[in-house]
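I have placed the structure first, in the form of structure tokens, so that the comments after it can refer back to it.
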Amino acid sequence: MTDLPDLATKTRPSIRIQNAVKSFSGRVVVDIDELNLGDVPVEGLIGPNGAGKTTLMRMIMHSTSLDRGTITLLPQGDASGDGIELSNLPSHRMAHHGVVKSNQVIMDFEKLTIWDSLLLSAAAAKYERPHRIFSEDDAFDEASAETERYLELFGFGDPAAFAKAAGEKKLLDIARCLLLKPRFLLLDEPTAGLPEETTAKVMEEVRRLAALGTSVVIVEHNLDVIWNLCDEVHFMAEGRVVMKGTPAEIRAHRTVVEKYLGEGHV
Amino acid sequence: MNLDWLDSFLIYGFFTIVIVAGLGTLLHLQLGLARMANFGVVGFFGIGMYAFGILYVKVDWPFEDPWQFLVCALCGTLVAGIAGLVVGWLIADMNEDGVLVGTLGFATAVFILATTEKELTGGAQGMGGLNFPFDVGGVKANEAAWLIVATFVVALIIFYVWRVHRSPYGRLLVAVGANEPLARSLGKPTFRIKLWLFAISSAGMGLLGALYGVNERFMRPTNLGVDITLAAMVALVLGGSARVWGATVGVILTVGFFDIVVQNYLPVPREWYSQALPVAREALFGAALILVLMFRPSGILGDMRRDKLMRSLHRD
């Protein structure tokens, strides 16, 4: 366990998971007594396939229902008592509270261009009402600084074209998430299928957000990303968090390394 | 102006084209953008027509036409919108099959109510007493003027839809239709979006029903047959369900071809008009639908082209 300065934890939102259980056809996939996410800027969630990482992420987002237990968002971190029980929220309200997750599998809006996707994410709801049929220019101008930034940063080609390659769609998914201005960002294998230099850019952006006060939780098989980016790592196996510590501590743990990660990955 | 070439048959044909084009364009918002396959178009059209007609005929209004028409048409539009809200609330969360059955069921309910609520609707015999809200000199002139009114209303609908494609709202509808869970994860309240879309477009269908009722001067349940839904659906799919002009192009090629060209200009034996032609019409529309789905599933105009649109909007 690491003792990070209090400064970082003060206004950083956190998510508290208590007695959260999920099983699929009798097999317990996630069984967590107590887990606090968001105490440090960037947390990693690692573990072998089937450890329950993605399911846990989906449970937080309420796209997978809980068998029992509660998941609570504490917008001001641990300090404040008022929490928002995420499992009671309809899924579209998550983004309103700043809880945003990127998708592990590629998700895209067929027929929408890259520009469309970014504007959809960035545009304020007031522009999207049925009677606002002349508001495109306003919405575009208001969002253009941000959308331009991501178009350039992630190297999208023609914004009026469709995202074609898998990597491009993945990047677009991340860009959509970032444009929502997340307070608590969950990234599920964000760099899978991305070339190295793009991965570096995504990580840089995540680091920037985290420095600005967003809590980030990242599930990733590319362990280099985890070691470089995370302040703390949770190691999951068989639905539980079996170990928690700094990247250095996890890497130094022989059992974990031998049993799950393999020598080459450390 | 010499209107000799324009006989009542022809006006009626043009009027049908205009109304079906309007219905198809509203259906385009539901089916083409938000991917809600409404098979109960005629239900909303019919409930608008009947609500308008009953209020127009049965209520003793303290004012005359055109106010009487305007107030009653507004009420008909509202009733259809409320019906859309209720039906939308029931189906917005359902899959395609549920939407299909739910909307079809609603249209059937409207038809049955129009037939059985004799006190109110005149039952199967129907109800007269509707008239044009103006008199510009003779039946034909009134019908021609009414055609212009309907064309204006449908032009407004098409303009609205054209603008929707060029607005954040249109983008939102396409997103909801393409990937609802993803739209939800971006904070879009997809249920509410679909619900309001359904209510608004149903209200528009109700207004078209009121216009249609005036043109008929008589309301009867046979006006509420599934052929109207089919005409709108076939026109839209044939023209291109994802395109603003899809329904208009489709309706010209189907209803236009049949109701104008075949019925007015081809030497068809007189005795065919009552039975053979309507059946041939449905068969031909059905065949057109099958052919287009086989050989050009996204319709004659093709799929929507957001890439071209975005280029034209944001790259001068």
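For the range A:114-121, check the following and say yes or no: at least one residue is within 11 Å of chain B (Cβ to nearest Cβ) and assigned to a loop (DSSP other than H, G, I, E, B). Explain how you work it out, then say what you get.
Filtering the range A:114-121 down to residues within 11 Å of chain B (Cβ to nearest Cβ) leaves A:114-121.
Then drop every residue that is not assigned to a loop (DSSP other than H, G, I, E, B), which leaves none.
No, the conditions are met nowhere in the range A:114-121.
Each row is one residue, and each column tells you yes or no for (1) within 14 Å of another protein chain (Cβ to nearest Cβ); (2) in a helix (DSSP H, G or I).
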| residue | (1), (2) |
| --- | --- |
| B:ALA203 | yes, yes |
| B:ALA210 | no, yes |
| B:ASN223 | no, yes |
| B:THR229 | no, yes |
| B:VAL244 | yes, no |
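Could you grab me the full set of residues in the range A:89-110 that are crowded, with 19+ Cβ neighbours inside 10 Å and either in contact (Cβ under 8 Å) with a residue 12 or more places away in the chain or more than 7 Å from chain B (Cβ to nearest Cβ) (or both)? So that I can check it myself, show each step before the final result.
Taking the range A:89-110 first, the residues crowded, with 19+ Cβ neighbours inside 10 Å are A:92, A:94-95, A:99-103, A:108-109.
Listed by number, the residues that qualify are A:MET94, A:ALA95, A:VAL99, A:VAL100, A:LYS101, A:SER102, A:ASN103, A:ASP108.
Can you tell me which residues in the range B:260-277 are surrounded by fewer than 17 Cβ atoms within 10 Å (Cβ to Cβ) and in contact (Cβ under 8 Å) with a residue 40 or more places away in the chain?
Scanning the range B:260-277 gives a single hit, B:ASN264.
Taking the conditions exactly as written (within 30 Å of A:GLY98 (Cα to Cα), assigned to a helix (DSSP H, G or I) and more than 9 Å from chain A (Cβ to nearest Cβ)), does B:LEU147 satisfy them or not?
no
Please work out if B:VAL164 is within 12 Å of chain A (Cβ to nearest Cβ), in a helix (DSSP H, G or I), in contact with a helix residue (DSSP H, G or I) (Cβ under 7 Å, 6 or more places away or on another chain) and in contact (Cβ under 8 Å) with a residue 60 or more places away in the chain.
Yes: the conditions hold for B:VAL164.
Could you tell me whether B:PHE257 is free of Cβ contacts under 8 Å to residues at least 40 places away in the same chain, more than 14 Å from chain A (Cβ to nearest Cβ) and either closer than 15 Å to B:ILE17 by Cα or assigned to a loop (DSSP other than H, G, I, E, B) (or both)?
yes
Considering only the range B:75-125, how many residues are of a type in the set (A, V, I, L, M), free of Cβ contacts under 8 Å to residues at least 40 places away in the same chain and not in a helix (DSSP H, G or I)?
Residues in the range B:75-125 being of a type in the set (A, V, I, L, M), free of Cβ contacts under 8 Å to residues at least 40 places away in the same chain and not in a helix (DSSP H, G or I): 1 in total.
Could you go through the range A:80-87 and let me know if any residue there is free of Cβ contacts under 8 Å to residues at least 40 places away in the same chain, within 12 Å of chain B (Cβ to nearest Cβ) and closer than 24 Å to B:ALA183 by Cβ.
No, the conditions are met nowhere in the range A:80-87.
Only residues that are part of a helix (DSSP H, G or I), under 25 Å from A:LEU194 (Cα atoms) and of a type in the set (A, V, I, L, M, F, W, C): list them for the range A:206-256, please.
A:VAL206, A:LEU209, A:ALA210, A:ALA211, A:LEU223, A:VAL225, A:ILE226, A:TRP227, A:LEU229
If I ask for residues that are more than 12 Å from every other protein chain (Cβ to nearest Cβ) and under 21 Å from B:VAL174 (Cα atoms), which ones from the range A:122-164 would you list?
Listed by number, the list is empty, since nothing qualifies.
Values in this text are rule-based calculations from the coordinates and carry no lab data. Computed from a predicted structure; not experimentally measured. Virtual Cβ from ideal backbone geometry, glycine too; neighbours counted across all protein chains shown.
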